[in-house]
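The structure under discussion appears below in the form of structure tokens.
Just so it is clear, none of the values below were taken in a lab; they were calculated from the coordinates. Since the model is a prediction, treat every value here as computed from it, not as a measurement. All Cβ positions, glycine included, derive from the backbone under ideal geometry; neighbour counts span all protein chains shown.
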């Protein structure tokens, strides 16, 4: 059975370089036989958080939120592709994730960070670890940090030069780790219901 992995991306900027990395993640996972789908926060376009999905009466959540809740519940794992804004998280991605809670529980998540500079979004990646854990996900130990992104992926999201080869190598390990945990949690949930 193929694992179902959702890849989340959250920049709202007009000139989004990180979308290259999000597309790379989806394409590379699919090449491994994974059922991977991009969830672009800008395309989903949820409002700034007012009410979480669970705070709506059943069947009354906005259609985009309802559809995304179903995709999250049906997924075996998640990848969060995040840029770094002033040492912190992208607000668009954080806003999207905060609309949900129980829908995330008992699945693995991995963080892929990037920036235009050499630190590759590492500070945002660290911030995401605590947030995703608090939201009920198991954050895998493997991480991918890409920077400078413009020297790693071309405008088609294809790896270039030494930095691109390094990305291919680190993403392969990351994908192995995420898929292992996704399979393990899916099998465990079939064996025994989560405790809450």
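Note down the relative contact order for the chain as a percent, whole number, built from C-alpha pairs under 8 angstrom at least six residues apart. Computed value for the chain: 22 percent relative contact order.
Find, to one decimal place in angstroms, the Kirkwood hydrodynamic radius of the chain, where the mean of 1/r is taken over every pair of different Cα atoms and then inverted. Present the calculation step by step, with values, prior to reporting the outcome.
Values: mean 1/r = 0.0592 Å⁻¹.
Mean inverse Cα-Cα distance, inverted, gives 16.9 Å.
Return the calculated 222 nm mean residue ellipticity for the chain, to the nearest 500 deg cm²/dmol, obtained by summing -39500 (n - 2.57) across DSSP H runs with n ≥ 4 and dividing by the residue count. After summing the helix terms and dividing by residue count, I get -13500 deg cm²/dmol. Highest-first packing order for the peptide set 142-148, 163-169, 56-62 is 142-148, 163-169, 56-62, based on the mean count of other beta carbon atoms within 10 Å. Annotation: the antiparallel percentage among DSSP beta bridges lying fully within region 64-144 is about 10. Against the chain, whose longest principal axis is taken from its Cα atoms, helix 161-191 shows a tilt of about 20°.
Among beta bridges from DSSP that stay inside the chain, the antiparallel ones total about 10%. Against the longest alpha carbon principal axis of the chain, how many degrees, from 0 to 90 and to the nearest 10, is the axis of helix 122-134 turned? Once rounded, one gets 10 degrees. Separation of region 112-160 from region 20-46 is 14 Å, based on Cα centroids.
The shape of region 47-110 can be summarised by an equivalent ellipsoid whose semi-axes, obtained from the alpha carbon gyration tensor, come to 22, 16, 9 Å from longest to shortest. Please give the helix 18-31 orientation as an angle from the longest Cα principal axis of the chain, in degrees from 0 to 90, rounded to the nearest 10. Result, in degrees: 80. Residues considered: 27, 173, 13. Largest GNM mean-square fluctuation over the chain, using C-alpha springs under 10 Å, is found at 13.
Between residue 12 and residue 126, what length comes free when the chain is fully extended (0.36 nm per residue of separation minus the Cα-Cα distance, one decimal in nm)?
On the way: separation 114, 0.36 × 114 = 41.04 nm, distance 2.12 nm.
Roughly 38.9 nm would be gained on extension.
Here the Gaussian network model covers the chain, with springs between Cα atoms less than 10 Å apart; of 172, 22, 64, 64 fluctuates the most.
So if we plug the beta-carbon distance of residue 85 and residue 44 into 1/(1 + (r/R0)^6) with R0 = 25 Å, what FRET efficiency do we get, rounded to 0.05? Before the final figure, lay out the partial values.
Working: r = 19 Å, r/R0 = 0.76.
FRET efficiency, residue 85 to residue 44: 0.85.
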